[in-house]
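**Student:** Once you've had a glance at the structure underneath, I'll fire off some questions.
The values are calculated or read from the model by the stated rules, or taken from the named source; none is laboratory data. Computed from a prediction, not measured in an experiment: that's the story for all the values here. Glycine gets a Cβ as well: all are built from the backbone with ideal geometry, and neighbour counts include every protein chain shown.
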Amino acid sequence: MSTFSLWKSDRPLFIALCLIYILALTIRLAMTFSENINPWGLIYSIPIGEAARNLTEGRGYVIDQAYVDKLSTLVLTTNRWQDLEDVPPPDQESFVPYYGQAPGSSALLAVTYIIFSEYRFIYGRVIQCIIDALGCIVMFLVARELFNTRTGLIASLIYAVFLPIAYLSTLVIQDALMPVLVLTSFYFFIRGVKTDRFTFYILSALFVAISCYFQPITAYLPLFYGLALFIYKIHKHLLFEQILYAVKITSAMFIVLIIILAPWVIRNYTITGTMTLNLRVASWAGIWEGMGEFDDNPAGAMFNDAYVLEIARKELGENVTYGSPEFETLFRNKVMHVVQEQPLWLLSAWARRLPFTIIYGNHIGLEPKCPDGLSVTECREWNTNYVDYVSAFTQGKLFVFIFAHPRGAVYWGMVFAFATIPVILSLIGVWIERRNWRTLILITIVPVYLAMVHITVTTMGIGKSLLPGSIAYIILSAVVIDHICSRIKRLHRGTDDFTK
């Protein structure tokens, strides 16, 4: 049954979903117009906005690096949005092909530029809020498919008020729509598993491909979908047939994915000479840089883009550019050297990253607004950062630091709550549904996939990239709340029967 057919079959349920959607949209729009944006959300918007401007003006996916630098400097000094409408480009523009980020966010923003005839971020941000709020409806469909209608409604409500996802949708960054896109892909995958209809698997692959045009970390998700399908359907008497079926579905999903991604991959190849399925050209450099999050790394790496480029220019010459084929070859060799010479250290690094792919925080849009006139650096000091609290804890001065910075402490306490409470509830949900292990395999496949991706690269500052995995936490938290409500209802009935 579709959501819209509920109007005829179950009007109270339809009205409840509409109210939840309105709540979700209200929260997101309130965050958008409050302009209470963390600085990193501002910085990422600049190249996306510049690429959107050039798409609008028919130049293709290119940027003027000098213009980007000018806008970025203004953001850093003012700690405010810098719309391209208000900052004219240089008289003499110089354009270079852009491939630092996939083009989805710029393409969506370009549409709003064309419709509203203004180079302002606000229109794209509002559109993102409208789209992300639809995730409430999709979440209801997923949870109802896996459990029941009440669990679906609870999961839908949690998605509406889950501030990390809500806040993410208000930013002009490539991750902004990833939760709703991955959730939609997951829904069609679940429908395919439940009905064995091939069309649903194709639709699931379609949304994976669309998500790759925003944030390409999902490129290999169909492989994990295929694994989950096999485990869910596994039966010792039909093992060979089930393996073939899972391989067929996975292959079909990858074919859809490759067909849709081919234009972008071919475009990157014609520009860089590098064939890359994950839409980026700096993958090896990212893995090497990620080693820098550990002081004991044997590669001499540092978690700093500027340092990575400095190393490349020392070894390849000053003319080398970030992400060029020779740049990638250099860091591929460095990574492979660590793999061959220090495999145990690499495994230990993955193990140390794992907890941070399970419990991860992300900004929730309630950070105290900095006074006017502060730069990004000054705003960070005024607001504090979670690293400050970790440092204070290791020095045994946590409570002293908290009392000295009460505003920041309250905010980061809420961030911590959103990061930990859903995980705790999910563990309880796993225990409640422990006998329904096949369904649990399906639910956990997305966060498991994202964890596997990030432990091989880095876990520093990647909460926003892991947020699509929160769909599992939301569903399992809804299971726990539904279970508690059912127990209370049964106890209430028992009390009524006893009194009678």
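**Student:** Would you mind finding the one in PHE230, PHE189 that is crowded, with 24+ Cβ neighbours inside 10 Å and aromatic (Phe, Trp, Tyr)?
**Tutor:** Going through PHE230, PHE189 in turn, the sole match is PHE189.
**Student:** Take the conditions touching a residue at least 60 places away in the same chain (Cβ under 8 Å), assigned to a helix (DSSP H, G or I) and among the β-branched types (Val, Ile, Thr) and apply them to ILE445. Does it pass? Reasoning before the result, please.
**Tutor:** Working: touching a residue at least 60 places away in the same chain (Cβ under 8 Å): yes; assigned to a helix (DSSP H, G or I): yes; among the β-branched types (Val, Ile, Thr): yes.
Yes; evaluated as a whole, the condition is true for this residue.
**Student:** Please note which helices (runs of 4 or more DSSP H) are completely contained in region 220-335 and include at least 3 residues that are more than 30 Å from ARG435 (Cα to Cα) and either among the charged types (D, E, K, R) or out of contact with any strand residue (DSSP E or B) (no Cβ under 9 Å at 6 or more places or on another chain) (or both).
**Tutor:** By residue number, 239-272, 283-290, 305-316.
**Student:** For region 421-438, how many residues are modelled with pLDDT of 95 or more and polar (S, T, N, Q)?
**Tutor:** 1
**Student:** Among the candidates ARG353, ARG280, which residue alone is at pLDDT 85 or above, surrounded by 15 or more Cβ atoms within 10 Å (Cβ to Cβ), under 25 Å from the mean Cα position of the chain (by Cα) and not β-branched (Val, Ile, Thr)?
**Tutor:** ARG353
**Student:** Run ILE131 past the list (1) surrounded by fewer than 24 Cβ atoms within 10 Å (Cβ to Cβ); (2) touching a residue at least 60 places away in the same chain (Cβ under 8 Å) and report the number of the one that doesn't hold.
**Tutor:** (2)
**Student:** Exactly one condition in (1) modelled with pLDDT of 95 or more; (2) surrounded by 18 or more Cβ atoms within 10 Å (Cβ to Cβ); (3) over 19 Å from SER156 (Cα atoms) is not met by VAL415; state its number.
**Tutor:** Unmet for VAL415, out of (1) modelled with pLDDT of 95 or more; (2) surrounded by 18 or more Cβ atoms within 10 Å (Cβ to Cβ); (3) over 19 Å from SER156 (Cα atoms): (1).
**Student:** Now, a different point. So, in region 55-99, exactly how many residues are in a loop (DSSP other than H, G, I, E, B), farther than 25 Å from GLY273 by Cβ and among the polar types (S, T, N, Q)?
**Tutor:** Total meeting the criteria: 3.
**Student:** Hey, does region 360-372 have a residue that's assigned to a helix (DSSP H, G or I), crowded, with 17+ Cβ neighbours inside 10 Å and touching a residue at least 12 places away in the same chain (Cβ under 8 Å)? So that I can check it myself, show each step before the final result.
**Tutor:** If we filter region 360-372 for residues that are assigned to a helix (DSSP H, G or I), which is where we start, we get none.
No, region 360-372 contains no residue that is assigned to a helix (DSSP H, G or I), crowded, with 17+ Cβ neighbours inside 10 Å and touching a residue at least 12 places away in the same chain (Cβ under 8 Å).
**Student:** Can you name the helices (runs of 4 or more DSSP H) wholly within region 128-197 that have at least 1 residues being over 30 Å from GLY413 (Cβ atoms)?
**Tutor:** Numbers: elements: 135-146, 149-161, 163-168, 178-195.
Here the list reads 135-146, 149-161, 178-195.
**Student:** Suppose we keep only residues that are of a type in the set (D, E, K, R) and under 29 Å from the mean Cα position of the chain (by Cα) within region 311-346. Which one would you say is surrounded by the most Cβ atoms within 10 Å (Cβ to Cβ)?
**Tutor:** Here the residue is GLU328.
Yes/no per residue for (1) under 30 Å from ARG11 (Cβ atoms); (2) surrounded by 17 or more Cβ atoms within 10 Å (Cβ to Cβ); (3) not hydrophobic (A, V, I, L, M, F, W, C):
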site	(1), (2), (3)
ASP69	no, no, yes
ARG80	no, no, yes
PRO97	no, no, yes
ALA110	no, yes, no
GLU118	no, no, yes
ARG150	yes, no, yes
PRO164	no, yes, yes
SER169	yes, yes, yes
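**Student:** Filter region 4-52 for residues that are within 15 Å of LEU141 (Cβ to Cβ) and touching a Leu at 6+ places or on another chain (Cβ under 8 Å); which is modelled with the lowest pLDDT?
**Tutor:** It comes out as LEU6.
**Student:** I'd like the full set of residues that are closer than 30 Å to MET31 by Cα and not in a helix (DSSP H, G or I), limited to region 336-359.
**Tutor:** ILE359
**Student:** Further, regarding this structure: Quick one: count up the residues across region 391-412 that are assigned to a helix (DSSP H, G or I) and either surrounded by 12 or more Cβ atoms within 10 Å (Cβ to Cβ) or touching a residue at least 12 places away in the same chain (Cβ under 8 Å) (or both).
**Tutor:** Residues flagged as assigned to a helix (DSSP H, G or I) and either surrounded by 12 or more Cβ atoms within 10 Å (Cβ to Cβ) or touching a residue at least 12 places away in the same chain (Cβ under 8 Å) (or both) within region 391-412 amount to 13.
**Student:** Of these, LEU467, LEU442, LEU450, which one is within 29 Å of TYR232 (Cα to Cα) and out of contact with any Pro (no Cβ under 8 Å at 6 or more places or on another chain)?
**Tutor:** LEU442
**Student:** Another one. Among (1) touching a residue at least 24 places away in the same chain (Cβ under 8 Å); (2) over 26 Å from VAL335 (Cβ atoms); (3) more than 12 Å from the chain's Cα centre (by Cα), where does VAL457 come up short?
**Tutor:** (2)
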